[in-house]
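S.K.: Let me give you the structure first, and then I'll get to my questions.
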Amino acid sequence: MNFERILENWLQTAPDQMTSRTRLSVLTGAAGAIGLAVARRFAADGHRVIMIDINRDKLREDASAIGECAVPFVLDISDFAAVERACKEISEQYGEVDTLVNNAGILSNAKTENVLLEDWKQIMAINLDGAFFLTRFLLPAMRKRRWGRIVNVCSLAMKTGGLTAGTAYSTSKGALGALTFSLAREVARDGITVNAVAPAYVKTPMVTEQLTNEQRQNIVDQIPVGRFCEPDEVAHLIAYLASSQAGFITGEIVDINGGLHMD
Ligand SMILES: NC(=O)c1ccc[n+]([C@@H]2O[C@H](COP(=O)([O-])OP(=O)(O)OC[C@H]3O[C@@H](n4cnc5c(N)ncnc54)[C@H](O)[C@@H]3O)[C@@H](O)[C@H]2O)c1
């Protein structure tokens, strides 16, 4: 066999070690607008998806609409002990987790002098601690198998200081970005990639309900593509980062903001 043929065979087989069994993916914030789009997309790609959310009713409804490959799992990701128990239960019941998407998050538009201590703590607990807890307990099995995909959902607010988003929110997403870099470096040699996406103004209740009409119009006027982002577009990007084909991308935060911010 000549060198080109060996290389061609290697390129075809090496990155895709996951085709022999169903991919097991854990997704937080799965009952939310972006989460549901990701769950649907993973299901369409043949994953079994553990859909984690604190919103029991919406979660059950969404998971049953997707079908058997979607498993609803009610969990408060900010509770360290509950996350530890949940990760143990997931691996005992469904097997080893291949993909983790840390998508759950809450928004506050409060700027520094209006930030209440309890809101600061809650935003950090959900947007940052929750992502760390899930990673902390799912990482050992990925490391052992020498394969894994972790995708964190950050926000453009981490780069801009929050055009409309508040101080605690922007800070939590910045820290989640730093966690992405730190972890990516730690586990790169173990076949695990760790990346993030930084969306802005996705057509979700965060945008439709938490902004005034005037703010929305003002923002659309500034977005070069002239519209808000669709949740499916974010799901598509996350699915790519979670795929076998993205094995050489790690420690990357991919912008998805319609050109609102270019760097
Ligand atoms: N919508 C946007 O324009 C936008 C822009 C940038 C980043 N993001 C990020 O994308 C992610 C998803 O946003 P979305 O717009 O779909 O929001 P969403 O409010 O529709 O979904 C968030 C989900 O997280 C869940 N959640 C909240 N606290 C939880 C907890 N303690 N434990 C488990 N689940 C919990 C909620 O129940 C909800 O279903 C968030 O991290 C958000 O910060 C959104």
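The numbers here are math on the coordinates, done by the rules we state, and not lab data. These numbers were taken from a predicted model, which means no experiment stands behind them. Note: ideal-geometry Cβ built from the backbone for every residue, glycine included; neighbour counts use all protein chains shown.
S.K.: May I ask you to compute the full-extension gain from PHE248 to THR212, defined as 0.36 nm times their residue separation minus their alpha-carbon distance, rounded to one decimal in nm? Walk me through the numbers on the way to the answer.
M.R.: Values: separation 36, 0.36 × 36 = 12.96 nm, distance 4.11 nm.
In short, 8.9 nm is gained.
S.K.: If you don't mind, there's one more thing I want to ask. Rounded to whole Hz and in sequence order, give me ³J(HN,Hα) for the stretch 106-121 from the Karplus expression 6.51 cos²θ - 1.76 cosθ + 1.60, θ = phi - 60°, writing x for Gly and Pro.
M.R.: For the stretch 106-121, the Karplus curve yields 10, 10, 9, 9, 5, 8, 2, 5, 9, 7, 7, 4, 5, 6, 4, 5 Hz.
S.K.: Taking θ as phi - 60°, what are the ³J(HN,Hα) couplings along the stretch 252-263 by the Karplus curve (6.51, -1.76, 1.60), each to the nearest whole Hz, with x for Gly and Pro?
M.R.: 10, 10, 8, 6, 9, 9, x, x, 4, 9, 10, 9
S.K.: Count charges around ARG146 for me, please; just the other residues with Cβ under 12 Å from its Cβ, Lys/Arg as +1, Asp/Glu as -1.
M.R.: Around ARG146, the charge tally is +1.
S.K.: Could you go through the stretch 178-193 in sequence order and give the Karplus-derived ³J(HN,Hα) for each residue, using 6.51 cos²θ - 1.76 cosθ + 1.60 with θ = phi - 60°, rounded to whole Hz, and x for Gly and Pro?
M.R.: Once θ is set to phi - 60°, the couplings for the stretch 178-193 become 5, 4, 4, 5, 4, 5, 4, 5, 4, 10, 4, 6, 9, x, 10, 9 Hz.
S.K.: Could you tell me, in Å, what Rg and Dmax come out for the Cα atoms of the stretch 46-146?
M.R.: 15.2, 47
S.K.: So, one more: Mark the label point 7 Å from the Cα of LEU116 along Cα→Cβ and return the residues of the stretch 149-174 whose backbone N is within less than 20 Å of it.
M.R.: In the stretch 149-174, the label zone of LEU116 (backbone N under 20 Å from the point 7 Å along Cα→Cβ) covers 165-172.
S.K.: Please list log₁₀ I(q)/I(0) at q = 0.16 Å⁻¹ for the chain, using the Debye equation with identical point scatterers on the alpha-carbon positions.
M.R.: For the requested q values the scattering log ratios are -1.22.
S.K.: Amide H neighbours of ASP255 under 5 Å, counting only residues 5+ apart in sequence or on other chains, H built in-plane at 1.01 Å?
M.R.: Amide H to amide H, under 5 Å and 5 or more residues apart or across chains, ASP255 pairs with ALA198.
S.K.: Quick check: from the Cα gyration tensor, does the stretch 125-262 come out rounded (a/c under 1.5), prolate or oblate? Display every interim value, and only then the final one.
M.R.: Working: a/c = 2.50, a/b = 1.85, b/c = 1.35.
Cα axes put the stretch 125-262 in the prolate bin.
S.K.: Where does the stretch 180-234 land on Rg(C-alpha)/(2.2 N^0.38 Å)? Write down the numbers at each step before the final one.
M.R.: Details: Rg = 16.3 Å, N = 55, 2.2 N^0.38 = 10.1 Å.
The value comes to 1.62.
S.K.: If one computes the Cα centroid of the stretch 38-72 and of the stretch 168-247, what distance in Å separates the two points?
M.R.: 20
S.K.: Under a 5 Å amide H to amide H cut-off, with H placed in plane at 1.01 Å, what residues pair with LYS203 once short-range neighbours are removed?
M.R.: CYS229, GLU230
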